[in-house]
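The values are calculated or read from the model by the stated rules, or taken from the named source; none is laboratory data. Keep in mind that what you see is a predicted model, and the values were worked out from it rather than measured. Here the Cβ is made from the backbone with ideal geometry for all residues, glycine too, and neighbour counts use every protein chain on show. Protein only, heavy atoms only, side chains kept; ligands, DNA and RNA dropped before computing areas. Shrake-Rupley method; radii C 1.70, N 1.55, O 1.52, S 1.80 Å.
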Amino acid sequence: MNVPQCPVRPGDACSLCVPGATGPQDCHLVAMVMSDPDLRARLAELRREWREGTAA
Ligand code: SF4
């Protein structure tokens, strides 16, 4: 089974931690982060750091 990754927790699979979510596609937290330019920029930074950390 293909487990979707959580967009806001780099490296983690979606654990349905937000009540009502059935995956990243209808997760309110993901929608909130993506709709806020500052949070989105910070998330991009975290994802880059995570990528660099796992690539090292
Ligand atoms: S429910 Fe949302 S925040 Fe929680 S793991 Fe899934 S995508 Fe990430």
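Within the range 1-34, work out how many residues are in a loop (DSSP other than H, G, I, E, B), more than 7 Å from the ligand (Cβ to nearest atom) and not small (Gly, Ala, Ser).
Of the residues in the range 1-34, 7 are in a loop (DSSP other than H, G, I, E, B), more than 7 Å from the ligand (Cβ to nearest atom) and not small (Gly, Ala, Ser).
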Mind checking whether some residue in the range 35-55 is of a type outside the set (D, E, K, R), near the ligand (Cβ under 7 Å from one of its atoms), touching a residue at least 24 places away in the same chain (Cβ under 8 Å) and open to solvent by less than 70 Å² (accessible area, probe 1.4 Å)?
no
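Looking only at the range 23-34, count every residue that is under 19 Å from ASN2 (Cα atoms) and either in contact with a strand residue (DSSP E or B) (Cβ under 8 Å, 6 or more places away or on another chain) or open to solvent by 90 Å² or more (accessible area, probe 1.4 Å) (or both) and tell me the total.
2
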Which numbered condition in (1) without any contact (Cβ under 8 Å) to a residue 24 or more places away in the chain; (2) loosely packed, with under 10 Cβ neighbours inside 10 Å; (3) of a type outside the set (Asp, Glu); (4) within 18 Å of VAL3 (Cβ to Cβ) is the only one that GLY20 fails?
(4)
Long-range neighbours under 9 Å by Cβ, at least six apart or interchain, first residue open to solvent by less than 70 Å² (accessible area, probe 1.4 Å) within the range 2-16, second hydroxyl-bearing (Ser, Thr, Tyr):
CYS6/SER15; PRO10/THR54; GLY11/THR54
